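Take a look at the structure set out below.
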Amino acid sequence: MTASVGIAVLRRRELREPLDDRHARRMLADGTWVRVAPGAFVMGADWRQLSPVAQHCLRVQEVMARVRAPALVSHFAAAAVWGIDVLGAWPTRVEVTVDRATGGRSGGAITRRALGRDGRMSVPFGRHRITTPAQTALDIARLLPFLRAVTAIDQALWTGRTGGALTTAAEIEALLDDKRPMRGDARARRALASSAPLSANVRETHVRLLVAALGFPPTRLQERRVLRSGRLVYGDLYFPDADHWLEIDGRGKYLSPEYTAGRTPAAIVIDEKNRENEIRREVRGFSRLEATDADRPQRVYDILTADGLRSTKPRPHSRDPVLR
């Protein structure tokens, strides 16, 4: 389970003197503070350094610390705690699953999903409970459109995660088969069938599904090569039939302390260029995408075809959805 996010939280209930409301409103208005839960604030600069999944994890921790009655944390809230990223926007409320008879009334910082708690796999989470990674991935896959559903399952299955995968496809499938049919089962089965445990992040999943939908050849994830220099490299996506290497660059590679390891952006760019030059000498084709290019299928199609990769489909129109 994800550890504490690790930024300072100002909690109204812990202050020795009352918090001045006018001062708090001013700090919130100009972005100096961010409210993560009722009576809980963090510095805006610290908040903006967190990934969306880490932001939501902190929100879950703070909101659930204020809920006295035992609850079942689920869906996006459980995903954030487990570190299961999901493509797209994260909710501003914390989701819990309640009994069907209770109803799904939501309010304040909580979204209540009246799906029933019986038979839903969970583990302790403080005085509450939280759905297991397999249950969480399945719940999200039942709820979201295909692309976003696959990103959640891929993240739960990701074998490259520190400590290993959170669950397996077999565990998710067993949950699907073990219970009476539920709304969203067909969507979840389709997403599970399209999942891949080697997708390291949601954008790799996005590009993998997109290039297939655009008619490009089958791909392999995390292609492993030892270059002539002895350098070991891994490719985000590799098209074996075309001997074509594809790199997907997120800006964090050049800017985030998690990846830069104290190096300057210029040093990283130079090292990355040298790496690319070595790879180019050993493959027939090479392409590089920025992660957000996946939001523009026409751009991805143009880049790959310009780099010599052939598609069996025509260039998509801007108004036609490629992934549904």
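The values are calculated or read from the model by the stated rules, or taken from the named source; none is laboratory data. Everything numeric in this text was worked out from a predicted model, so none of it was measured. Backbone-built Cβ (ideal geometry, glycine too); neighbour counts: all protein chains shown. Heavy atoms of the whole protein, side chains included, go into the accessibility calculation; ligands, DNA and RNA do not. Shrake-Rupley method; radii C 1.70, N 1.55, O 1.52, S 1.80 Å.
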Given (1) under 24 Å from Trp245 (Cα atoms); (2) open to solvent by 40 Å² or more (accessible area, probe 1.4 Å), Gly163 misses just (1)
Residue count for region 96-143, restricted to those that are part of a strand (DSSP E or B) and of a type outside the set (Phe, Trp, Tyr)
16
Taking region 118-127 only, how many residues are in contact with a strand residue (DSSP E or B) (Cβ under 9 Å, 6 or more places away or on another chain) and either surrounded by fewer than 18 Cβ atoms within 10 Å (Cβ to Cβ) or of a type in the set (A, V, I, L, M, F, W, C) (or both)?
4
Taking interchain pairs and intrachain pairs at least six residues apart, which have beta carbon atoms under 7 angstrom, with the first residue in region 110-138 and on the phi > 0 side of the Ramachandran plot and the second assigned to a helix (DSSP H, G or I) and open to solvent by 30 Å² or more (accessible area, probe 1.4 Å)?
Gly116/Arg100
Please go through region 260-288 and give me each residue that is over 15 Å from Ser229 (Cα atoms) and among the basic types (Lys, Arg), ordered by number.
Arg263, Arg284, Arg288
Inspect all residues belonging to region 250-265 and state whether any of them is among the β-branched types (Val, Ile, Thr) and either crowded, with 18+ Cβ neighbours inside 10 Å or modelled with pLDDT of 95 or more (or both).
no
Residue within region 168-190 that is of a type in the set (S, T, N, Q), at pLDDT 95 or above and buried (at least 20 other Cβ atoms within 10 Å of the Cβ) present
no
Quick check on region 293-324: of everything there that is open to solvent by 70 Å² or more (accessible area, probe 1.4 Å) and not basic (Lys, Arg), which residue is nearest to the chain's Cα centre (by Cα)?
Asp295
Index of the failed condition, Ala78 passing every other in (1) within 30 Å of Gln135 (Cα to Cα); (2) open to solvent by less than 50 Å² (accessible area, probe 1.4 Å); (3) not in a helix (DSSP H, G or I)
(3)
Suppose we filter region 1-37 for residues that are open to solvent by 70 Å² or more (accessible area, probe 1.4 Å), at pLDDT 90 or above and in a loop (DSSP other than H, G, I, E, B); how many remain?
2
Answer with yes or no whether Arg68 is among the charged types (D, E, K, R), open to solvent by 20 Å² or more (accessible area, probe 1.4 Å) and modelled with pLDDT of 95 or more.
no
For region 293-308, give me each residue that is touching a helix residue (DSSP H, G or I) at 6+ places or on another chain (Cβ under 8 Å) and either of a type outside the set (A, V, I, L, M) or closer than 23 Å to Arg231 by Cβ (or both).
Asp293, Pro297, Arg299
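Is there a residue in region 82-95 that is of a type in the set (A, V, I, L, M), open to solvent by less than 20 Å² (accessible area, probe 1.4 Å) and assigned to a helix (DSSP H, G or I)?
No, there is no match, as no residue in region 82-95 is of a type in the set (A, V, I, L, M), open to solvent by less than 20 Å² (accessible area, probe 1.4 Å) and assigned to a helix (DSSP H, G or I).
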Which one of these does Ile172 not meet: (1) more than 19 Å from Asp249 (Cβ to Cβ); (2) in contact (Cβ under 8 Å) with a residue 60 or more places away in the chain; (3) β-branched (Val, Ile, Thr)?
(2)
Could we say that Pro240 is modelled with pLDDT of 95 or more, loosely packed, with under 12 Cβ neighbours inside 10 Å, in contact with a strand residue (DSSP E or B) (Cβ under 7 Å, 6 or more places away or on another chain) and of a type outside the set (Ser, Thr, Tyr) here?
yes
Any residue in region 56-72 that is part of a helix (DSSP H, G or I) sitting within a Cβ distance under 6 Å of a residue that is open to solvent by 20 Å² or more (accessible area, probe 1.4 Å)? List the pairs, counting only those 6 or more apart or interchain.
His56/Trp90; Cys57/Thr2; Cys57/Val5; Leu58/Val5; Val63/Ala109
